[in-house]
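Structure record follows, encoded as structure tokens.
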Amino acid sequence: MITKIFRRLLIALSFVICQLSFSVVLTSCGESFLEEDAGHKVTDELLNNEDGALMMAAGLYANLRWHFGYEWAYGITLYGCDEFTNGADLTSECWNTYDNRLNPQDCTTATGAANNNCPPVSGLWDEMYYGISTANLLLSKAGNISDADTRNKVQGEAHFLRGYNYYRLFAQYGGVVLQTEPAPTDGTIVKNYERATAEATLNQVIADFEEAYNLLPTNRWRGYGTWTKYTAAHFLAKALLFRQSERNSSWNGSYDKSADLNRVISLCDEVIAACPLAADYADLYAKWTGINCANEGLSEILMCAMHGEDNVKGRYGNRTYNYFSPQFSNFSASWIKRGAYIGEMDFQRCRPTEYTYSSFDNVNDARMWKTFKTVYGLNNVAVTKKDGDKTVYDREKVAADNGIQLSQVPEIGDEGAIFILNKKSDHRFDGEPYGTFGRGGQKHSFVNPQTGKWVPNAFVNFMDGKYVLYNYGVSGNTATSNVFCGINKTADGSRTAEKGDAHRDVIMARTGETYLVKAEAQVRLGKYQDAITTVNVLRARAQWKNGEDRSYYTDGSMAFLTADGGDTNNSIAANKSNCTGTDDSGATRALTMTEAYWASHLHKNTYYLSTGIDVTTAPSNLQIASYTQLPDEDEAILAELGCSGDYDRMLNFIFNERTRELLGEWNRWEELSRAGLLIKRAKAFNPEAQSITANKNELRPIPQKFIDVLQNPDGTNLSDEQKAAWQNPGYK
């Protein structure tokens, strides 16, 4: 109950983030943005009593929802790295390719954007300062709160959000404007600011996280999603690790490396002890059973952007279910249709790279099979003919067109699309002995040897030792392929409209990452075997357990029906769907949403087809004995990167493990930039990111619309030279 009240409260108070102005932003949420007096009257009154102060602080949480409302969710965090590239949709292409459209101006259709949804370079800048403004107001008024416990909680939450928002600004832009006092209440718009150094900015982040760590309680007193002492500890550890990372090598020598990194390890140990890992990796993402479900309260989850019912979705809903799926509604030739009965929309924004698939041990690492969706059920009869007064499924034409036997023609609920995630060394599919691969719009003859049925959309990762998955796209261009095997971490079966907002929380920090922060600190201290011991804890969870069915698959679509494990039946479950099946007489008929759901979700993967091993329920082993002999997958990656020396090898190993553990979890660009690995790994593994440039693209451009309205203390406009001095290196 407390969690549900908290969620409603934070959304109801999200107006605070928009109404209160941090005048450095100089943009608005609407005309009311600059009406500072109205906002302060409301908030001053709230802060006169303990309950009001806690209500005000609850509004801070709504600021997190911005990160996942639209295309910037992946554009600024996942694009242009080693793990994902663009699909055929080019909405955010410039963030992936680093072409000249990624510049200080917000990219629009007039300046080359594919559409109006291209993430603006000013987006994060503006939104983070909205939250900082509210945090500053809370901190300035916290002395009004007489109850010490309430005062500590309010101050702790305000310090945490301010620290987090400055962390994100620092990670993307480097040094930024530091504002730790509330905006003027008399309507004054300040236009004279100094840009703080990167060092000062990061130290402000560390100071805020330290305060949050000291003030926040250890319990989730608001319910799921509450920031606690351990949330602050996790981010304080990340900030200290950032200080000792390669991007700051020009100034971090004045800080005690050993002290910083040992503090990182101590903080991580504190989080690990108090917030243990979920027992099953699938519990974190795949087994999402509905709005505010039990797994959203797992001890491992340290921070999330909370979402709930549609009527409290606030200014930014959860749009992340759009971004990780292949475009099956386009390439499948109508054998698979999309709808709310599938927990994803196939906007095909984030296409995994060859590196991403290859980084996994596909036999022994269960994370691969609990993350990638390799099978889609056939939910629509795509080929029909007239038979008297009836329309029927034309099985004969399907067989004749694709050179298969009539008995091999699939039915509703058979496999509609499969992705075979094999290894480069696997030669079982050379020469296509089971028939040719292809998408639904192409004639092809692949018959799954395990089922004896033709698969309308059948794709393999490697043939003849070459990566071929990206060759099957409709465009015929490997740089814009809409065919790929996507991931399931955002699937949501609670949506009541195909394009409706999702309701699941978005995990922003968890103990799984804490282990990797600790391991990286150990690497930076030269304690390589200790780092292996730390990572082995994560790898132990990733191993198949004794008796586990390696061919089983599920995802958050299960929230659609109680019969499949959902907490409630979706309100549209009995409605007519857009899918067509057949009745007992052979005539075609519309399927209900429930029938379309069961046809779409077969709860199986391509594990055995992809690996070629015999069926087994034995446990697997992912443990690494020594840092001198890393797994084959890692050795191949390190060789391609040309890594030499223990430090270089182990640092890159940690980032390989981050891929396996944290794939798609919204921070890859910042982490690679921090560690000085962005340029090298993007060039090595992202074919579309070849324009990335050293000494430039490790930072984002400062928004030009902010620079252009700055003034000198005497009220005069900045000169061109002064404006240029504000900008990050390499941008004009």
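The values are calculated or read from the model by the stated rules, or taken from the named source; none is laboratory data. Everything numeric here is computed off the predicted structure, so don't read it as measured data. FYI the Cβ positions are ideal-geometry reconstructions off the backbone, even for glycines, and counts take in every protein chain you see. The area values use the complete protein model at the heavy-atom level, side chains included, leaving out ligands, DNA and RNA. Shrake-Rupley method; radii C 1.70, N 1.55, O 1.52, S 1.80 Å.
Below, the figures for the structure above:
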item: Residue in segment 438-460 that is touching a Ser or Thr at 6+ places or on another chain (Cβ under 8 Å), under 29 Å from THR659 (Cβ atoms) and touching a residue at least 60 places away in the same chain (Cβ under 8 Å) present; result: yes
item: Hits in segment 583-600 (condition: of a type in the set (D, E, K, R) and part of a strand (DSSP E or B)); result: ARG589
item: Pair list, Cβ < 8 Å and 6+ apart or interchain, from segment 551-569 residues that are over 15 Å from ILE342 (Cα atoms) to residues that are outside any helix (DSSP H, G or I) and hydrophobic (A, V, I, L, M, F, W, C); result: SER551/VAL615; ASP567/ILE291; ASP567/CYS293
item: Residue list for segment 237-251, restricted to those being in a helix (DSSP H, G or I) and touching a residue at least 40 places away in the same chain (Cβ under 8 Å); result: ALA237, LYS238, ALA239, LEU241, PHE242, ARG243, GLU246, ARG247, ASN248
item: Condition met for TRP125 (of a type in the set (Phe, Trp, Tyr), free of Cβ contacts under 8 Å to residues at least 40 places away in the same chain and open to solvent by less than 40 Å² (accessible area, probe 1.4 Å)); result: no
item: Check on ASP310, of a type in the set (Asp, Glu), at pLDDT below 95 and open to solvent by 10 Å² or more (accessible area, probe 1.4 Å); result: yes
item: Some residue of segment 73-92 being surrounded by fewer than 24 Cβ atoms within 10 Å (Cβ to Cβ) and part of a helix (DSSP H, G or I); result: no
item: Matching residues in segment 459-484 - criterion: being open to solvent by 60 Å² or more (accessible area, probe 1.4 Å) and in contact with a Lys or Arg (Cβ under 9 Å, 6 or more places away or on another chain); result: LYS466, TYR470, VAL474
item: Only listed residue being buried (at least 24 other Cβ atoms within 10 Å of the Cβ) and over 27 Å from GLU640 (Cβ atoms), chosen from SER359, SER325, SER334, SER329; result: SER325
item: Residue match in segment 174-195 (condition: buried (at least 16 other Cβ atoms within 10 Å of the Cβ), under 21 Å from VAL264 (Cβ atoms) and of a type in the set (Val, Ile, Thr)); result: no
item: Selection within segment 650-695 - open to solvent by 10 Å² or more (accessible area, probe 1.4 Å) and more than 18 Å from LYS238 (Cβ to Cβ); result: ILE679, LYS680, LYS683, ALA684, PHE685, PRO687, GLU688, GLN690, SER691, THR693, ALA694, ASN695
item: Pick from segment 253-274, criterion free of Cβ contacts under 8 Å to residues at least 12 places away in the same chain and either touching a strand residue (DSSP E or B) at 6+ places or on another chain (Cβ under 8 Å) or more than 25 Å from ALA509 (Cα to Cα) (or both), ranking: least open to solvent (accessible area, probe 1.4 Å); result: GLY253
item: Matching option when the condition is buried (at least 19 other Cβ atoms within 10 Å of the Cβ), modelled with pLDDT of 95 or more and touching a strand residue (DSSP E or B) at 6+ places or on another chain (Cβ under 7 Å), among THR231, THR226, THR201; result: THR231
item: Condition check for PHE347: open to solvent by less than 10 Å² (accessible area, probe 1.4 Å) and either within 23 Å of GLY473 (Cα to Cα) or out of contact with any Pro (no Cβ under 7 Å at 6 or more places or on another chain) (or both); result: no
item: Residue within segment 43-57 that is outside any helix (DSSP H, G or I), open to solvent by less than 30 Å² (accessible area, probe 1.4 Å) and modelled with pLDDT under 95 present; result: yes
item: Candidates LYS518, LYS499 - the one that is of a type in the set (D, E, K, R), open to solvent by 10 Å² or more (accessible area, probe 1.4 Å) and not in a loop (DSSP other than H, G, I, E, B); result: LYS518
